[in-house]
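The values are calculated or read from the model by the stated rules, or taken from the named source; none is laboratory data. For clarity, every value in this text was computed on a predicted model and none was experimentally measured. Because the Cβ atoms are built from the backbone with ideal geometry, glycine has one as well, and the counts that use them run over all protein chains shown. With ligands, DNA and RNA removed, areas are computed over all heavy atoms of the protein, side chains included. Shrake-Rupley method; radii C 1.70, N 1.55, O 1.52, S 1.80 Å.
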Amino acid sequence: MADCHFYLFTILFISSLCILSIALIIKEEQNNSFAKTLDPNTLNLKQEKLTHFRFYWHDIVSGKKPSSVLVIPPQANYSSTKFGMVAMIDDPLTEGPELSSKLVGKAQGFYGSASQQEVGLIMAMNFAFSEGKYNGSTITVLGRNTVFSKVREMPVIGGSGLFRFARGYVQARTQQFTPSSGDAIVEYNVYVLHY
């Protein structure tokens with residue numbers, strides 16, 4: 001009788017191990033079909049670098065060829081903050097504060113008024129560079145911009161080209177704002193970690 005119990009226990013134990021092994025294999029196959037851990041060397045990721053950019057963002061809403069176009073007007077009952085407004089942008093980025101200075105890229109994306117109490121924008125844009133070794137690379141910014149604050153910080157959430165896996169932050173300082181036209185020149189200092 002003891003031998004019978006031993007064989008029964010052995011069969012149950014081996015069967016349990018087989019079922020557990022099959023379940024783990026199936027789970028591993030399911031995990032591999034969606035995501036897997038990679039060695040950073042397979043993507044040629046080297047030591048990170050910190051790069052600082054300084055350029056000027058020209059948001060031109062006036063004239064015959066604006067670089068910022070209203071796509072959704074603000075809600076009527078929020079006229080002081082323009083809450084609900086959304087604008088699409090293709091703003092020039094220049095080396096100096098003058099629009100005639102050297103073009104280094106474009107800020108492409110959109111911004112919208114996301115605050116009911118103050119002029120606070122949500123900015124979603126790519127700095128698409130067109131100059132030097134950065135030509136064709138982008139830095140992506142997504143963050144809150146309280147435009148009447150002296151200095152605003154927004155996060156760098158990624159990029160492409162030389163800025164794959166980028167992270168960091170930008171500081172924005174308004175250099176000039178013309179209330180009658182809505183045109184603005186903003187100095188951007190970008191601090192980005194990348195490979």
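Brief remarks on what is shown
- Residue 158 being over 17 Å from residue 57 (Cβ atoms) and either aromatic (Phe, Trp, Tyr) or assigned to a strand (DSSP E or B) (or both): yes
- Search result, residues across segment 52-71 that are in contact with a strand residue (DSSP E or B) (Cβ under 7 Å, 6 or more places away or on another chain) and either farther than 30 Å from residue 137 by Cβ or open to solvent by less than 20 Å² (accessible area, probe 1.4 Å) (or both): 55, 56, 57, 58, 59, 67, 68
- Selection count, segment 127-141, where residues are exposed (fewer than 15 other Cβ atoms within 10 Å of the Cβ) and either basic (Lys, Arg) or not in a helix (DSSP H, G or I) (or both): 5
- Residue 189 vs. criteria assigned to a strand (DSSP E or B), out of contact with any Cys (no Cβ under 7 Å at 6 or more places or on another chain) and within 30 Å of residue 75 (Cβ to Cβ): no
- Within segment 142-155, considering residues that are open to solvent by 50 Å² or more (accessible area, probe 1.4 Å) and outside any loop (DSSP other than H, G, I, E, B), the one farthest from residue 55 (Cα to Cα): 144
- Every residue from segment 169-183 that is in contact (Cβ under 8 Å) with a residue 40 or more places away in the chain, assigned to a strand (DSSP E or B) and buried (at least 19 other Cβ atoms within 10 Å of the Cβ): 172
- Scanning segment 92-111 for residues that are open to solvent by less than 10 Å² (accessible area, probe 1.4 Å) and within 10 Å of residue 128 (Cα to Cα) returns 93, 105, 107.
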